[in-house]
1. About the Cα centre of the stretch 49-164, what is the dipole size in debye to 20, counting +1 per Lys and Arg Cβ and -1 per Asp and Glu Cβ, all else neutral?
2. With a 1.4 Å probe and all protein chains in place, put Phe130, Phe143, Phe101 in order of accessible area, largest first.
3. Sorted by mean Cβ packing within 10 Å, highest first, what order do the peptides 132-142, 36-46 take?
4. Quick check: the angle from helix 80-101's long axis to the longest principal axis of the chain, C-alpha only, nearest 10 degrees?
5. Taking +1 at the Cβ of each Lys and Arg and -1 at the Cβ of each Asp and Glu, which of Gln50, Thr33, Met117 sits farthest along the dipole of the chain towards its positive end, judged by Cα position relative to the Cα centre?
6. Output the peptides 85-91, 75-81, 151-157 sorted from most to least packed, where packing is the average of other Cβ atoms within 10 Å over each peptide's residues.
7. Of all accessible surface on the chain at a 1.4 Å probe, what whole percent is carbon and sulfur?
8. Leaving ligands, DNA and RNA out of it, work out the accessible area of Glu108 with a 1.4 Å probe and give it in Å² to the nearest 10.
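The values are calculated or read from the model by the stated rules, or taken from the named source; none is laboratory data. What you see is a predicted model, and the numbers here were worked out from it, not measured in a lab. Note: ideal-geometry Cβ built from the backbone for every residue, glycine included; neighbour counts use all protein chains shown. Side chains are part of the model used for accessible areas, which takes the heavy atoms of the whole protein and leaves out ligands, DNA and RNA. Shrake-Rupley method; radii C 1.70, N 1.55, O 1.52, S 1.80 Å.
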Amino acid sequence: MARRYDSRTTIFSPEGRLYQVEYAMEAISHAGTVIGILSKDGIVLAAERQATSNLLEQSMGSEKIYEMNDNVVAGVAGLTADANILINQSRIIAQRYLQKFDSPIPVEQLVRRLCDMKQGYTQFGGLRPFGVSFLCAGWDPAFGFQLYQSDPAGNYSSWKAACI
């Protein structure tokens with residue numbers, strides 16, 4: 001029954017589900033774990049790098065934690081190609097903000113802009129949702145240390161500790 005409703009991202013099933021978003025969530029569940037813990041003195045991000053094959057040489061090329069800006073880093077779970085696109089876009093957003101306002105972008109604003117882009121890919125035909133979830137950790141002068149989790153549908157929330 002699901003096959004009639006999973007060909008496009010903009011078609012809801014009779015149960016009100018978007019199967020393409022659920023498929024993206026499934027891709028994340030097969031990825032390595034990312035854990036974030038917030039404290040008053042800082043944030044700890046840890047990521048598990050899964051070996052895809054014993055025949056492949058383990059290298060430093062497969063990153064799981066990226067620097068988005070001087071004040072924000074992100075732990076990634078899901079499809080690496082999708083993560084690279086979103087990380088590059090977030091870096092552009094952060095640099096445009098820095099150029100315009102001469103101060104680092106607030107953490108929540110960067111996460112919101114990133115999630116707006118992710119949500120747009122669930123809304124328009126011809127695009128598939130990004131199969132990646134982020135744990136964004138950062139610091140800004142107004143709110144101090146912050147930890148946010150995002151999902152492929154574009155939802156985000158603040159946490160004291162989170163795991164993908």
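1. 200 debye
2. These residues rank, largest area first, as Phe143, Phe101, Phe130.
3. So the peptides 132-142, 36-46, ranked by packing, come out 132-142, 36-46.
4. With rounding to tens, the tilt is 40 degrees.
5. Farthest along the dipole direction, towards plus: Met117.
6. 75-81, 151-157, 85-91
7. 54 percent
8. Answer for Glu108: close to 70 Å² accessible.
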